[in-house]
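Any read-out appearing in this document is the output of simple, stated calculations on the displayed coordinates, not a laboratory observation. Since this is a predicted model, take the numbers as computed values, not measurements. A quick note on method: Cβ atoms are made from the backbone with ideal geometry, for glycine too, and the neighbour counts reach across all protein chains shown.
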Amino acid sequence: MKLIIVLIYCSLCLPNTTASTLIPVPKIQPENIKMEYVNYSNEDMRYLALNIYHEGRGEDLHGRMAIAFVVINRTFHRRFPDSIKEVVIQPDQFSWYWDGKSDTPRDKPIWDAAKDTAKLCLELYNTGARVSHYDPLEDSPDWIVDGALFYYASSGPNKIKEPYWIAAENMTETVKLGHHSFFKL
């Protein structure tokens, strides 16, 4: 059901995305994540899109979605703020927000893709929670990252060395997508 929703949405809203660019939806249950609806405002959606724009430049749809799901997952975790905007602007979390440079998107096609990805992820998360046969023990709206709350650029032009917090927090890597590695507690 979810794959059909993704295919329909992608064909209508993301015209450059085809069925061959989508990956199967595995059945997983993220740990420490309460399965609830994502409550968000237009401002939250804008901050999610800004985070995707700045953190996911050069990533394909799945890489951008993974970045979005980390932010969404954080809104449900006790360690982070409850709103998307507050998660994104939380001190020392996302470098683009705290680097002192302009945050205004300058590349319209990438900005448009980031906005579309933000909308897609929020709708998928909320639609997944509303499907009548939805089972939180079997299904997860964040199927791409398996409950990840953190990521870093592990390859590509913005590659950084492995952050200290991975070992310090005894984190588990859930997936590598594009230039990023994703982790959960």
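Taking a Cβ cut-off of under 9 Å around His180, the surrounding Lys, Arg, Asp and Glu residues balance to a net charge of -1, with basic ones at +1 and acidic ones at -1.
Quotient of the Cα radius of gyration of region 31-184 and 2.2 N^0.38 Å, N being its number of residues: 0.99. For the pair Lys108 and Ala153, a Förster radius of 22 Å applied to the C-beta separation gives a FRET efficiency near 0.40, rounded to the nearest 0.05.
Work out the count of Lys pairs in region 31-184 where the Cα-Cα distance is under 16 Å, with the pair 8 or more places apart or on different chains.
Total qualifying Lys-Lys pairs in region 31-184 comes to 6.
By the beta-carbon count within 10 Å of each Cβ, the least crowded to most crowded order of Val87, Val145, fewest first, is Val87, Val145.
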